[in-house]
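Asks: Here's a structure for you.
The values are calculated or read from the model by the stated rules, or taken from the named source; none is laboratory data. This structure is a prediction, so every number in the text was calculated from the model and none was measured. FYI the Cβ positions are ideal-geometry reconstructions off the backbone, even for glycines, and counts take in every protein chain you see.
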């Protein structure tokens, strides 16, 4: 078991990249069979030497289960959510509270902690339509996202990083790749490790 860094100060705890990679491998190994797409984002994807959390973006496969309200009906279920629930039941992950003391554990965002290391884990459910926007946003860093949003605004567009693309009134410009997000607003595309 790895001892987590001290969190007595108001500064967010940092963990070595190697710890983050090990946690990401463990979690992605468990989630991969339940996902259409799965990628590690955030500072790990940017290859930072120290990280504050592991961010995982996923597009779940769907299955069918019994509807608790109707004995004879079936409902569509997220297989990734079932895999995450199994990780929680087995003690690999536990829920954590955000900075405001609220638990965030919904259908789209799940704030958790890797129990053995204490490393925060953020799990984000994406859709096929918002995958690339969400991936750019969750990879970050914040400064890069601010530049994209500002460049879009200067062109009269709005960037919704959790949506399908850029919007202007009733128009939608959907994004089909990470590179398209940058190119749409006239910014050069950079590999995650080069984004600052």
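Asks: Are any residues in the stretch 1-21 closer than 16 Å to residue 123 by Cα and either surrounded by fewer than 18 Cβ atoms within 10 Å (Cβ to Cβ) or at pLDDT below 95 (or both), and if so, which ones?
Replies: 21, the sole residue that qualifies.
Asks: Could I ask something else about it? Would you confirm whether or not the stretch 50-57 contains a residue that is touching a strand residue (DSSP E or B) at 6+ places or on another chain (Cβ under 7 Å), without any contact (Cβ under 8 Å) to a residue 40 or more places away in the chain and loosely packed, with under 12 Cβ neighbours inside 10 Å?
Replies: Among the residues of the stretch 50-57, not one is touching a strand residue (DSSP E or B) at 6+ places or on another chain (Cβ under 7 Å), without any contact (Cβ under 8 Å) to a residue 40 or more places away in the chain and loosely packed, with under 12 Cβ neighbours inside 10 Å, which makes the answer no.
Asks: OK, next. Taking the stretch 181-196 as the search range and keeping residues that are in contact with a helix residue (DSSP H, G or I) (Cβ under 7 Å, 6 or more places away or on another chain) and farther than 21 Å from residue 47 by Cβ, which one is surrounded by the fewest Cβ atoms within 10 Å (Cβ to Cβ)?
Replies: Per the criteria, the residue is 186.
Asks: Does the stretch 73-87 contain any residue that is on the phi > 0 side of the Ramachandran plot, at pLDDT 95 or above and over 14 Å from the mean Cα position of the chain (by Cα)?
Replies: no
Asks: Could I ask something else about it? Could you go through the stretch 87-99 and let me know if any residue there is in contact (Cβ under 8 Å) with a residue 40 or more places away in the chain, over 30 Å from residue 180 (Cα atoms) and part of a strand (DSSP E or B).
Replies: yes
Asks: Those residues that are within 21 Å of residue 126 (Cβ to Cβ), surrounded by fewer than 17 Cβ atoms within 10 Å (Cβ to Cβ) and at pLDDT 95 or above, I need them from the stretch 156-171; list them, please.
Replies: If the condition is that a residue be within 21 Å of residue 126 (Cβ to Cβ), surrounded by fewer than 17 Cβ atoms within 10 Å (Cβ to Cβ) and at pLDDT 95 or above, then 158, 167 are the ones that fit.
Asks: In the list 79, 93, 119, 111, which residue meets the criterion of being closer than 30 Å to residue 172 by Cβ, in the same structural domain as residue 30 (by TED's automatic domain parsing) and in contact with a helix residue (DSSP H, G or I) (Cβ under 6 Å, 6 or more places away or on another chain)?
Replies: Criteria check complete, one pass: 79.
Asks: Separate question: When residue 126 is evaluated against the numbered criteria (1) surrounded by fewer than 19 Cβ atoms within 10 Å (Cβ to Cβ); (2) modelled with pLDDT of 95 or more; (3) within 24 Å of residue 36 (Cα to Cα), which criterion, by number, is the only one it fails?
Replies: The failed condition is (1).
Asks: Let me ask you something else. Looking at the stretch 138-150, is at least one residue surrounded by fewer than 20 Cβ atoms within 10 Å (Cβ to Cβ), modelled with pLDDT of 95 or more, over 27 Å from residue 17 (Cα atoms) and outside the structural domain of residue 23 (by TED's automatic domain parsing)?
Replies: Within the stretch 138-150 (the criterion being surrounded by fewer than 20 Cβ atoms within 10 Å (Cβ to Cβ), modelled with pLDDT of 95 or more, over 27 Å from residue 17 (Cα atoms) and outside the structural domain of residue 23 (by TED's automatic domain parsing)), the answer is yes, since at least one residue qualifies.
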